[in-house]
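Please read the structure below before turning to the comments.
The values are calculated or read from the model by the stated rules, or taken from the named source; none is laboratory data. Note that the structure is a prediction, hence the values are computed from the model and not measured. Every residue, glycine among them, receives a Cβ derived from its backbone with ideal geometry; neighbour counts consider all protein chains shown. These accessible areas exclude ligands, DNA and RNA; they are computed on the full protein's heavy atoms, side chains included. Shrake-Rupley method; radii C 1.70, N 1.55, O 1.52, S 1.80 Å.
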Amino acid sequence: MKTDRRTFLQSLAVLMTGVYCPRLILAKPNHPDVDYILIAKQAPINLMPNGKATALTYNGNIPAPVIQAKQGQRIRIKLINHLESLSTSIHWHGLRIPNAMDGVPFISHPPIKPGQSFIYDFIPPDAGTFWYHPHINSLPQMARGMVGLIIVEEKLPLTFAADIPLSLKKWRLKADGEFKKQQFIPRKAARHGTQGNWQTVNGNAQPTINIPVGGAIRLRFANLDNSVYYNIHVAHEQVKMLALDGMPLLPSREQSEYQLGAGMRLDLGFIAPSKPGIEIPVLNKSAMGDEVLLTLKTSQQRQPFPKRLPDMLANPVQHPDLASAETKLFTFDWDAAVSPVSEKEAEMPIFWSINQRSLTEMTMGNLGEPLAKLTLGKSYIFVLKNTSQYHHPIHLHGYSFTVLESDKRKIIPYIADTVMLGKNEQIKVAFVADNPGKWMFHCHVIDHMETGLMGYIEVS
Ligand code: C2O
Ligand code: CU
Ligand code: CU
């Protein structure tokens, strides 16, 4: 199982450079109406080397299929629910697509019940690293495996010697490799969120991944965890940040460490050392000590390959007009007067609020009024104010915003769909309200989202 996934990953790296990969066909159906089929189902997975975890998967595997889309080209993905008892859906995190395809039950479409299916059909406008996950029963499904990457290739393809997706996730496992019974602990949800104890990259603990000597490498980091954040550091010189949340940084930047909150993505680029057998550790830096996430190792390559990083091209995101923009304030609060703590999901406690209101997944069928009503085509500045002692990766559906400034740290403006809001920090983001619909606006620490740190905005 373990070697299987490693081979899968390596062939995937080859695929990105244009060579056909037979393993990915598993996700491709035989009939012509759709490009991919994703079957939500329970399956036994070796997350720890010698112990099966009863996982909830797409197509019976962890990692889930990496969906390959093309910028500006229609893609159809059929979701079939073969779970025993849970409804599901797929949200395409970061893709600026129509509201009906956003995968939020009760807004985009009804929940997909066991035995039912739904075809997502859209045209991704932006190239980059994006991901997918359910937007109902998110906590149990995401904690047990239902998360995957969707990579949108540039309209004019960029060539790298290796282009490697790296899904980061920390699972909550018992010593025998099975999931812990409790994937949600209310006392933790009221703080940083319930965290895991078994770190993997593409489903493997501390894998070694081969990269071709001397070639231009793209690493696509994606934090698919429910709560943890990573401080990514690649121990090599001249590592460039190519993109954040799929959006190219122009010009690319150098930064030795980057904080990746839940839901966020980071594309890094560098030139591999020219000798074979050189190891480059990728670390998660922390005050408690550095943790090795994976090791890159140079290997001889027969094919010719690019030796310089290609130039990234901006995605077609409209620039907000700051002079005419209307400002809206959102305050993210910790609610001290918490409701009685319960372990049953049907009675999720409320710990968090946005502008004094709390939406939880259980109440999604009954949304109430939006947090803000925006006029289609107008520019907006959102002031995001965190009055709590905990950080929140704040995410808006259907949009990518420009992160303008913070009252706590220096920010060179960049475009993203999720922004890390530190404790007591205030951040300004801006965007043009050019995508109509009801769009979820929430913290991507899933326990926070499920206990009140969620709302929605309406654009019409
Ligand atoms: Cu990944 Cu509602 O989001
Ligand atoms: Cu999203
Ligand atoms: Cu949060």
Consider Ile412 against the criteria (1) within 16 Å of ligand 3 (Cβ to nearest atom); (2) assigned to a loop (DSSP other than H, G, I, E, B): it satisfies all of them except one. Which criterion is unmet?
(1)
Hey, among the residues in the stretch 318-349 that are of a type in the set (Val, Ile, Thr) and open to solvent by 50 Å² or more (accessible area, probe 1.4 Å), which one's modelled with the lowest pLDDT?
Val341
Which listed residue, of Lys41, Lys70, Lys78, is basic (Lys, Arg), touching a residue at least 60 places away in the same chain (Cβ under 8 Å) and open to solvent by 10 Å² or more (accessible area, probe 1.4 Å)
Lys70
Any residue in the stretch 262-276 that's closer than 27 Å to Pro393 by Cα: show its pairings with residues that are among the charged types (D, E, K, R) and open to solvent by 20 Å² or more (accessible area, probe 1.4 Å) at Cβ separation under 6 Å, as long as the two are six or more apart or on different chains.
Gly269/Lys240
Would you be able to tell me the number of residues in the stretch 253-270 that are over 23 Å from Val147 (Cβ atoms), at pLDDT below 95 and not in a loop (DSSP other than H, G, I, E, B)?
2
Could you please find all residues in the stretch 368-384 being in contact (Cβ under 8 Å) with a residue 40 or more places away in the chain, in contact with a Lys or Arg (Cβ under 9 Å, 6 or more places away or on another chain) and either under 19 Å from Gln259 (Cβ atoms) or part of a loop (DSSP other than H, G, I, E, B) (or both)?
Pro370, Leu371, Leu384
Of all residues in the stretch 426-460 being more than 16 Å from ligand 2 (Cβ to nearest atom), in a loop (DSSP other than H, G, I, E, B) and open to solvent by less than 10 Å² (accessible area, probe 1.4 Å), which is modelled with the highest pLDDT?
Ala433
Which condition does Pro105 not pass, out of (1) more than 19 Å from Leu359 (Cα to Cα); (2) within 15 Å of ligand 2 (Cβ to nearest atom); (3) open to solvent by less than 50 Å² (accessible area, probe 1.4 Å), if it passes all the others?
(1)
Please go through the stretch 213-227 and pick out each residue that is open to solvent by 10 Å² or more (accessible area, probe 1.4 Å) and out of contact with any Ser or Thr (no Cβ under 6 Å at 6 or more places or on another chain).
Asn226
The condition of being outside the structural domain of Pro248 (by TED's automatic domain parsing), within 16 Å of ligand 1 (Cβ to nearest atom), under 26 Å from Phe184 (Cβ atoms) and without any contact (Cβ under 8 Å) to a residue 60 or more places away in the chain holds, among Thr418, Thr363, Thr387, only for Thr363
So how many residues does the stretch 366-384 have that are more than 16 Å from ligand 1 (Cβ to nearest atom), open to solvent by 20 Å² or more (accessible area, probe 1.4 Å) and in contact with a Leu (Cβ under 8 Å, 6 or more places away or on another chain)?
2
Residue satisfying all of: in the stretch 350-365; away from ligand 3 (no atom under 13 Å from the Cβ) and farther than 22 Å from Gly103 by Cα; surrounded by the most Cβ atoms within 10 Å (Cβ to Cβ) among these:
Ile350
